[in-house]
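Here is the structure we will look at, set down as structure tokens.
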Amino acid sequence: MKIVAVTACPTGIAHTYMAAEQLEKTAKKLGHAIKVETQGAMGIENELSQQDIDAAQVAIFATDIALERADRFARIRTIQVPVQAALKNPEAIFDKI
């Protein structure tokens, strides 16, 4: 399955990037293709293109703050979870898919 994800925490430092890493590692383990955008202290990094979003079956938002440019995801199914869920039990997120 093709998945896109966005991670973002209030400070945008460690947890944003740790959550992205956990989602990437878990997706690979489960045989999914994933692209993860981070919205941290440095702004948007690894920005998902509209083509990436349109090609995906689902978007995972592991965020504790409002997403920047959330309108890009209007036509895709989304799963919203706190950043801690991506850190502590990422497999449970993929079970929701």
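Values in this text are rule-based calculations from the coordinates and carry no lab data. Predicted model only: the values in this text are computed from it and were never measured. Neighbour counts are summed over all protein chains in view; Cβ atoms, including those assigned to glycine, are modelled from backbone coordinates with ideal geometry.
Lys88 to Met42: extension gain in nm, 0.36 nm per residue of separation minus the Cα-Cα distance?
14.1 nm
Placing unit charges on the Cβ atoms of the charged side chains and taking the dipole of the chain about its Cα centre, the candidate lying farthest along the positive direction among Thr11, Ile53, Gly31 is Gly31.
Taking every Cα-Cα distance in the stretch 36-85 and sorting them into 10 Å bins starting at zero, the pair-distance distribution P(r) comes out as 22, 62, 16 percent. Projected onto its three principal axes, the C-alpha set of the chain covers 31, 28, 18 Å, listed from the longest axis down.
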